[in-house]
Amino acid sequence: MRLHAAPDYPLHFPELGGGGILGIGPYEAFLALDWLGDLKQIQTMGRLNPAGVDAMAIFQTEHERGFAQLHTGLDLLSRGDALLSAPRGYVLIHANWWNPTAPQSTTSTRIIELHEPCTAGGFNYETAHFCQLIRQCQCESPIISHQMSLSMAAPRIRRKALGVHFPPSSLPNP
């Protein structure tokens, strides 16, 4: 079971760019985009905390090859599983989905369990790839394109539907 974020966690505060959609949402969006293809449609529900950032948001998304239900919650207890459904089967990744130990793929005729050991906290693969791109002076990843990055940000746009408004920047205008 995944515990909720402590009250002093930075995502609780608008002046720090808080909220689950910005802090957690892109990772979940990547999972759905990577497995299910381009985003076709998105629906959003959620609620704000007293500071005005999204404390909880639910996304239902339709993709080229299936559907996903995603949620971000700063004040929720959550299992940390991921379930991706498509017409001919589904994939269940047990907690913690961002650092899985036994993802399971199920179709109408068979179940496939993968047992790949993960190292560190799960984000080490992302960090290693980013450092490799810098060393090779590459501006875009061949694995995660700029377009994929923009698609991962799509749930960010849905913040306004929940009523999230960040304070204007305190930096002077140029």
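The values are calculated or read from the model by the stated rules, or taken from the named source; none is laboratory data. Please read these numbers as outputs of a predicted model, since none were measured by experiment. Neighbour counts are summed over all protein chains in view; Cβ atoms, including those assigned to glycine, are modelled from backbone coordinates with ideal geometry. Heads up: the accessible areas ignore ligands, DNA and RNA and are worked out on the full protein's heavy atoms, side chains in. Shrake-Rupley method; radii C 1.70, N 1.55, O 1.52, S 1.80 Å.
Given the criteria outside any strand (DSSP E or B) and in contact (Cβ under 8 Å) with a residue 60 or more places away in the chain, does LEU33 qualify? Yes, satisfied. Screening the candidates LEU162, LEU150, LEU83 for the property of being open to solvent by less than 40 Å² (accessible area, probe 1.4 Å) and modelled with pLDDT of 80 or more yields one hit, LEU162.
In segment 18-58, the residue that is surrounded by the fewest Cβ atoms within 10 Å (Cβ to Cβ) out of those that are more than 16 Å from the chain's Cα centre (by Cα) and among the small types (Gly, Ala, Ser) is ALA51.
Considering segment 36-108, the qualifying strands (runs of 3 or more DSSP E), each wholly inside and each with 1 or more residues that are within 21 Å of LYS160 (Cα to Cα), run over 39-48, 54-63, 66-73.
Results for (1) of a type in the set (Val, Ile, Thr); (2) more than 19 Å from SER151 (Cβ to Cβ); (3) at pLDDT 85 or above, shown as yes or no for each residue.
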| position | (1), (2), (3) |
| --- | --- |
| ALA5 | no, yes, no |
| ASP8 | no, yes, yes |
| PHE30 | no, no, yes |
| ASP34 | no, no, yes |
| GLN41 | no, no, yes |
| LEU48 | no, yes, yes |
